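The values are calculated or read from the model by the stated rules, or taken from the named source; none is laboratory data. This structure is a prediction, so every number in the text was calculated from the model and none was measured. With ideal geometry, Cβ positions are generated from the backbone for all residues, glycine too; neighbour counts draw on all protein chains shown. The area values use the complete protein model at the heavy-atom level, side chains included, leaving out ligands, DNA and RNA. Shrake-Rupley method; radii C 1.70, N 1.55, O 1.52, S 1.80 Å.
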Amino acid sequence: MAYTPSQPRFGRFIPGFAAGARKPAAVAEPAGAKRVQFSPSLIPYLFLAPQLAVIFIFFYWPSVQAVQSSFYIEDPFGFGATFVGFANYTDAIFSPEYLSIAKFTVVFTGLVTFFSLALGLLLAVKADAVIRGSSAYKTLLISVYAIAPPVAGLIGMMFFDLHIGPFVKLAAWFGWDMQVGLNYYDTAFALIVVAVWKQIPYNFIFFLSGLQGVPVSVREAATIDCRSGFRRFWTVTLPLLAPTAFFLLIINITYALFDTFGVIDVMVKDKPANNPITLVYKVYMDGFRGNDIGSSSAQSVILMIVVFVLTIIQFRFIEKRIHYT
Amino acid sequence: MYKTKPLDHLILILGSLFLILPVIVAFMTSTHEAAEIHTKGLMIVPGDNFVGTYEKVLTQKGGFTGQVTGLNMVLNSLILGIGFAVGKIVLSMMAAYAIVYFRFRFATLAFWIIFTTLLLPLEVRIMPSYEVMSKLGLLNTYTGLIVPLLASATGTFYFRQFFKSVPEELLEAARIDGAGPFKFFVDILIPLSRTMMAAIFIIMFVYGWNQYLWPMLMTTDESFFTLMRGIKSILQVWVGSQIPDYNEAFALAVLAMLPPVLIVVIFQRWFIKGLTESDK
């Protein structure tokens, strides 16, 4: 799973979704088994057993438990639970706090996804064009990739620190009294900057390898047909990059939704009261701080549904509109 | 074809600076003294307190948490990173082998059981996962730290793709030579997968090393703290102290990002390969 590298999430492992992949293959076929195979026996089960055991104990069991406890209100001291139907869901969805956090999550996800994709693409296009020195740029540009979100958060926190942060001084120069950790919008700004900073290298890697997969003949033809670099980019390069871009879009949305947990946890310094947080952070706060297991589980389930919907969109709708090369 | 313009270099240089400068500043600042940082702000030039800061962070007990040294945390992070990477490779190679090389009744079902794990990140099922762990008595253990993270199928899909690209003739030849399923796996497939295993090891090590939320919940006993978990404790010291130990905080951040960054830079080619070429 990726939180990191940060990991990596669904799209990449589906044939046809990798960067520069050819055709979306049907996932339903028995895993693309080989024509030549060993004859049926118990051996495959033996090989599958360890992975399945771990998955059942640490994936399915908790997932089922989450769904189950989302229908109960649990006594915080462990004196049993009361079945409440969908009350946890309706309480969560209709509370103004949840709605404002959901709103922030959407804005945050949108901005982080947009800026990290745009900057990653810009740098990849430039690195692709620059032949000399490109490996030095490449090394510099991807080195930040493996930094963990909480470390990014820590570095961000210091750069936005009220006493020593250079960004605060820079902002003051423009007359902006930046108070990260105290002011809602300032904190949101800092969170987005740090989240984008951490994600650019990831997008850069994928865009660059997508660009380098474009055949030389296509590039030459495009150069002849189309003088304006900008138009060439829009009409030739970008459509060729569409599968990569789409894959990255989904990955970036999941990154902004889930992997930024560490950034947020460090930067809001345990004081979410007047700071922006995302829905995943609220699940954690309600479950572990508030001990409100029912509500936390209901929110988990809502997020699970969001992820499922994203996956379905990925498979059913958008994929069909993208031209694979 | 395309002529490079100075503007391209400018954009690349600015981009590189934007990404790398914070890391350099973090390191440089960590070599100064806290009081100096407090008055002068972040540093871009090296100070003379490098040995002092890092020695203190690595060896002094109670620098941040009261009981654990930085060195302990480095070791725990290594155990988590290596344990996770090895576990991932072993589990997922075996499972991928079963899926690709055998025809059996529940193959499709098994595939989907594994596939669905890609849909739900640990973050959304964190609360019940924690409860399962406490029921199993695995809180504050290395098993509890590592094994639940293995419950996702990323590795299986990497290996599945890789095995599918292995020529069919190999298996035919092996069977003619009388190799059984175990022999084929151990003597042919594993040696063949070495570079793939290395690439996945690197990616998974970085992933394990970078884990934050799970270790934060799982470990209340400080002797199990990882570096990432240590970062959380810095903050608790930070809030409310007169002159925070900026240098130590930065030093810990540097320690925490050093292995992943080095690995990515040194093994760049493998890393990118493992990351992007999943259908090879």
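What number of residues within the range B:137-160 are out of contact with any Gly (no Cβ under 6 Å at 6 or more places or on another chain), within 7 Å of another protein chain (Cβ to nearest Cβ) and open to solvent by 10 Å² or more (accessible area, probe 1.4 Å)?
Number satisfying all stated conditions: 1.
If only one of B:Y212, B:Y246 is more than 24 Å from B:S92 (Cβ to Cβ) and of a type outside the set (K, R), which one is it?
B:Y246
Quick one: which residue in B:S134, B:S129, B:S92, B:S77 is surrounded by fewer than 17 Cβ atoms within 10 Å (Cβ to Cβ), within 12 Å of chain A (Cβ to nearest Cβ) and of a type outside the set (F, W, Y)?
B:S134
Quick one: A:F94 ticks every box in (1) in contact with a helix residue (DSSP H, G or I) (Cβ under 9 Å, 6 or more places away or on another chain); (2) over 28 Å from B:T29 (Cβ atoms) bar one, so which box is it?
For A:F94, the failing item is (1).
How do the helices (runs of 4 or more DSSP H) wholly within the range A:110-201 filter down when requiring 2 or more residues that are farther than 25 Å from B:V206 by Cβ: which remain?
Correct list: A:166-173.
Considering B:L227, B:L171, B:L235, which residue is within 19 Å of B:L139 (Cα to Cα) and surrounded by 20 or more Cβ atoms within 10 Å (Cβ to Cβ)?
B:L227
Which residues, taken from the range A:110-128, are more than 16 Å from the chain's Cα centre (by Cα) and surrounded by fewer than 19 Cβ atoms within 10 Å (Cβ to Cβ)?
Residue satisfying the conditions is A:L122 alone.
Could you say whether any residue in the range B:99-112 is crowded, with 18+ Cβ neighbours inside 10 Å, modelled with pLDDT under 85 and either over 27 Å from A:I305 (Cα atoms) or among the aromatic types (F, W, Y) (or both)?
yes
Looking at this structure, is A:F246 crowded, with 18+ Cβ neighbours inside 10 Å and within 25 Å of B:T276 (Cβ to Cβ)?
The answer is no for A:F246.
Of A:S135, A:S143, which residue is more than 7 Å from every other protein chain (Cβ to nearest Cβ), modelled with pLDDT under 90 and more than 20 Å from A:F261 (Cβ to Cβ)?
A:S135
Go through (1) open to solvent by less than 60 Å² (accessible area, probe 1.4 Å); (2) over 28 Å from B:T226 (Cβ atoms) one by one and return the number of the condition A:V180 breaks.
Unmet condition: (2).
Is there a residue being modelled with pLDDT under 85 and either at the interface with chain B (Cβ under 7 Å from one of its Cβ atoms) or in a helix (DSSP H, G or I) (or both) anywhere in the range A:44-67?
no
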